[in-house]
1. Between S127 and E303, what FRET efficiency follows from the Cβ-Cβ distance if R0 is 30 Å, with the result rounded to 0.05?
2. Leaving out ligands, DNA and RNA but keeping every protein chain, what accessible area does H295 have, in Å² rounded to the nearest 10, with a 1.4 Å probe?
3. What is the distance in Å between the Cα centres of segment 1-71 and segment 426-455?
4. Could you point to the residue in A102, N82, V112 farthest towards the positive end of segment 67-115's charge dipole, with +1 and -1 charges on the Cβ of Lys/Arg and Asp/Glu respectively?
5. Suppose accessible area is computed on protein heavy atoms with a 1.4 Å probe; arrange S288, S266 from highest to lowest.
6. What does the accessible area of R475 come to, in Å² to the nearest 10, when a probe of 1.4 Å is used?
7. State the extension gain, in nm to one decimal, for the chain segment bounded by N82 and A345, taking 0.36 nm per residue of separation less the distance between their alpha-carbons.
8. Give me the 1.4 Å probe accessible area per residue for segment 411-545, excluding ligands and nucleic acids, in Å².
Amino acid sequence: MARSGSTDVLVVGAGPVGLMLAAELRRAGVSCRIVDRLPARLPYAKAVGVQPRTLELFDRMGLVRDVLDAAVPMRGQLTYENGVALGRIDLVLPPEVPYGFAALPQYETERVLEEHLGRYGTGIERSTELLAFAQDPAGVTSRVRTASGAEEEVRSRFLVGCDGAHSLVRKALGLTFEGGAFPEEYMLADVEVGWGLEPGYGVRSMHRAEDGTVDDLLVCIPLPGKGRYRMSMLVPPELSAARESGPSAGDGVAHGLEGGTAPALSDIQKVLDRLSPEPVTASALRWSSVFRISHRLVDRYGEGRVFVAGDAAHIHPPTGAQGMNTGVQDACNLAWKLALALGDAAHPRLLPSYDAERRPVGEEVVGRTVRHAAEGIQADRSDPETLMLRQAQLLVDYRESPLVTPLAPDDRAPLRPGDRAPDCGGLTGDIAAYPVRLFDLLRGREHVLLVYGDHPAGDSAADLAAAARELSGGRMVTYRVLPADGTSPYRTGEPHHRDSRGEFARQYGPEEGAAFAVRPDGYLTACLQPTVGALKEALGRVFAP
């Protein structure tokens, strides 16, 4: 067996989650290899929804324009029951949220991420399969089979399984994957239709029997291309034999695309004839398959130097397009922590915080999507604004994380440590003649300290900036944000912008001199009074002493 050189991280699986992890690792200067057992990207529009929060992360990476150029807007959903229009759900978010909902086939998301990763000189090692691994206190030794059929030994300091619902990494670690499966099977198809329904809206059309149960269902999600939709519907009895030959054989996990007989265009047309809101003919079938759904969650997101992310850690119904987006955010959460650990700059609690922060998110998403699959998103009791923000994954927070400095229970600040750092516009500098967004300042940065106000209530801004650099090992940059009517800043040399429209003050609700530490994944490490002591306490939860 051949032995290869070592790498910092071996990423197993080159779907959106593995590609996101590899790209973020390379952006942080970490070496990695990414392997995938498939010879090429699959041409299937499996995960198609890209949530606003994921677009914010793509913005931070500098690739959101490529995603927006390839995607189409997802504006809402039209609902029908027994041929009668029940109404519509409009996907409307507050005006300060920079991105809306988008639809993009998974293979296009993978293409954009793969091209971005390639800019760092890293490519996917195709037709390369992980066979086994063993870890020790210093690293992980993996055995892989390459495209030539030869076996190779790979030494890495960490291993991450982004290898899907049937993850070898998860099984080899001995992680449990508790949950259940839905008895129904669904057909998926990528087709074109020429109906006159409003573009940008998904369609949910169902037939409800006399006993109240839904016995027929059609769900259509718009895709790029004229009249193009990814449609899902219940499988007719004559195609259900696919359940016998699906990928769940051997591991008990029934989830994902099945093998066996693929539905024909005539099978799709029969469902449209029954459930389409208006008479329509389907054409240009690009692909079809049978799909099965489970809902499962691992008992922990890693062990030692080995971790799991995405479908390897959590699977659930596709309702609300939560799956891929949750996995991408797993990857973003883990990547910056691995980078600090590899640079010997991580506090001992940093890597364990991946499980502490992301497993509760996975648990919530699994529970919510199971409820929505059974009852419909319309049955959600949340008020409409909260429902939209949750679907957009903008309400995910890490307030209970061991990494954050908690505020006093009686503190009424609009933002708390562990919250998402919101965007705001209208920031003006002394040189550029145009205003910028806060996200423009954060793009491409790792750790950022934002200090608000003319006259800091604690130590000087220069002292804070120096302390931030020292405590983070040079990884944190500092920006001053001045009130719209504030005086000129002290000539201390730190970058500064004026809150000319007052949006920062409205979003962050800062008192004069408040400071906010922002992590690489766009969450607040701390909201603090700007003293070197408070900053040292906050950053001491993340960085090594």
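The values are calculated or read from the model by the stated rules, or taken from the named source; none is laboratory data. Please read all numbers here as calculations on a predicted model, not as lab measurements. For neighbour counting, all protein chains shown are included, and Cβ atoms are generated from backbone atoms with ideal geometry for every residue, glycine included. Just so you know, the surface numbers come from the protein's heavy atoms only, side chains and all, with ligands and any DNA or RNA stripped out. Shrake-Rupley method; radii C 1.70, N 1.55, O 1.52, S 1.80 Å.
1. Values: r = 28 Å, r/R0 = 0.93.
After rounding, the FRET efficiency stands at 0.60.
2. Result for H295: roughly 50 Å² accessible.
3. Cα centres, segment 1-71 to segment 426-455: 28 Å.
4. My answer, from the dipole projection, is N82.
5. On the way: S288 20, S266 70 Å².
Largest to smallest exposure gives the sequence S266, S288.
6. Number for this one is 80 Å².
7. Numbers: separation 263, 0.36 × 263 = 94.68 nm, distance 6.00 nm.
Fully extending the segment from N82 to A345 adds 88.7 nm.
8. Details: 5700 Å² over 135 residues.
Heavy-atom accessible area per residue stands at 42 Å².
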